[in-house]
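Participant: Take a look at this one; I'll ask things after.
None of the figures in this text is laboratory data; all of them are computed from the coordinates on show. The model shown is predicted, which means the values in this text are computed figures rather than measured ones. Here the Cβ is made from the backbone with ideal geometry for all residues, glycine too, and neighbour counts use every protein chain on show.
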Amino acid sequence: MSYHRVGRIMRYLLFGLLLMISFAVSSQDMWSTLGMVTFDRTFDAEFGMDMMTPNYNPVVLALNGKEVEVEGYFIALNGKNEQNHFMLSKFPQSTCFFCGKAGPETAMQVFLADGKKQKYSDEKIKVKGILRINTTDPTGLLYTLEQAKSIDP
């Protein structure tokens, strides 16, 4: 295969990847995109147990450091009051990750910007912020939304 032909193929692949990324960023259902992760079971000598190591799809990794909008359920960290640090779940609390009924890709921690607070709600809420993807800490959550703002529905 010629160098010119390989270059053309690489350009088409890059263009296709960019199209997928732009679709993922503009998608109404960010959870579907964030769910594009698989897990390998590996033994961690430090903890003396098997750990689930995430393998993120390149489309997901491309969102790291980007502003995204996510809609989900407020999971309180300390009582049902206003909070500036809380969990957001794809599912209601009764079926969320922390209750053992969903995977870790269905929840994220949220830090609101400027000390703002979010009122507790059983209804879905929408937030926008900078997505951080955890690729190094096996004990941490996969996703964190920083500098977030609440978006009124």
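Participant: Test of the criteria: in the stretch 101-153, which GluC sites (Glu not before Pro) are in a DSSP loop and have at most 12 other Cβ atoms within 10 angstrom of their Cβ?
Facilitator: When the GluC sites (Glu not before Pro) of the stretch 101-153 are filtered for loop state and at most 12 Cβ neighbours within 10 Å, 123 remain.
Participant: Another question about this same structure. Excluding same-chain residues fewer than 8 positions from residue 128, which aspartates and glutamates have a Cα within less than 19 Å of its Cα?
Facilitator: Within reach: 29, 67, 69, 71, 82, 105, 114, 146, 152.
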